[in-house]
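Before any comments, here is the structure.
The values are calculated or read from the model by the stated rules, or taken from the named source; none is laboratory data. In this text, all values refer to a predicted model and were calculated from it rather than measured experimentally. Please note: Cβ atoms are built from the backbone with ideal geometry, for glycine as well, and neighbour counts cover all protein chains shown. We work out accessible area using only protein heavy atoms, side chains counted, and drop any ligands, DNA or RNA first. Shrake-Rupley method; radii C 1.70, N 1.55, O 1.52, S 1.80 Å.
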Amino acid sequence: SSQLAAKPAYDEWQSVDYIQKAFFEVALKNEYKKSTERLNRWQSPIQYTVKYIEMPTNDMITSLITAHLEHLQKITGHRIQPSQSQANLKIILTRGEYYADMIKRYTQSNVKDLAQDSNCMGSFRINSRSEITDATVIIPVDRVMGEGLLVACIVEETTQIMGLPNDSDWVFPSIANDKSKIELLTGLDYILLKLLYSKELSPGMKANEIQPIAEKILNTWKKNRTIKRSPFIVNRSGLYPLVN
């Protein structure tokens, strides 16, 4: 069908040009904010806390979150650890009826009707150097479980607050593509995360500064088969072994 023709072949994304274009789309734009088109990422370690508000704690959900955050640490090389007192990443689990209230209480979001229009949400703040300083993820558990979206919400929101905030309908295969129903990290997501946290890039960089550096890194990864092997590498950790 014509709909299938519009979707890139599964390995078309493995070209350096495609990955670069996808990186600029997902990393430098922002679906909710007028973007500054600069690279945002964490520099200090992420210290996270999981809070259950107006609902009982759920060990299964906590273990899914922990497994995914450990996976993100493994891919990016950036330190992510649990912390009760100094948390700069709050993951809030609540019930649907409190979702709007939690968005108001815990985020600076002023997106109208966000609670009606989104299944779950994540937002981060940056300082003047484009470093992410803190982030919040809010998941209305009963609502997303009713839709079969719990895993997708955990993966998408905690991955986006790493500094890949934008959704895009043409970036495929990726969790950044809301139309695709992909709920676990793909090879492309793995490469985008790895690129975002590569030592040669730094927060505040603009597209024209990133472009030659990213191209060089990606060409190296093409030669040493990191890109080719990424779908297999990404499947070995994180939530794949737990949910498949």
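A few comments on the model shown:
- Think of it as helices only: each DSSP H run of n ≥ 4 in the chain is worth -39500 (n - 2.57), and spread over all residues that comes to -12500 deg cm²/dmol at 222 nm.
- Residues in the chain average 50 Å² of solvent-accessible surface per residue, probe 1.4 Å, ligands and nucleic acids excluded.
- Contour minus Cα-Cα distance for GLU200 and ARG95 (0.36 nm per residue): 33.6 nm
- Residue of ILE213, ILE182, ILE161 that the Gaussian network model of the chain assigns the largest fluctuation, springs spanning Cα pairs under 10 Å: ILE213
- Compactness of the chain as Cα Rg over 2.2 N^0.38 Å, two decimals: 0.98
- Against the main long axis of the alpha-carbon atoms of the chain, helix 207-223 sits at an angle near 70°.
- Neighbour net charge for CYS153 - beta-carbon separation under 10 angstrom, K R +1, D E -1: -3
- Surface share of carbon and sulfur [accessible, 1.4 angstrom probe, percent] for the chain: 48
- Placing +1 on the Cβ of every Lys and Arg and -1 on the Cβ of every Asp and Glu, with nothing else charged, gives region 168-221 a dipole about its Cα centre of roughly 100 debye.
- Degrees, to the nearest 10: 187-196 long Cα axis against longest axis of the chain: 90
- Spin-label model, SER63 to LYS112: label points 7 Å out along the Cα-to-beta-carbon direction sit 4.5 nm apart.
- Difference of contour (0.36 nm per residue) and Cα-Cα distance, SER83 to ASP17: 19.8 nm
- Computing FRET efficiency as 1/(1 + (r/R0)^6) for ASN224 and LYS179, where r is the C-beta to C-beta distance and R0 is 45 Å, gives about 0.90.
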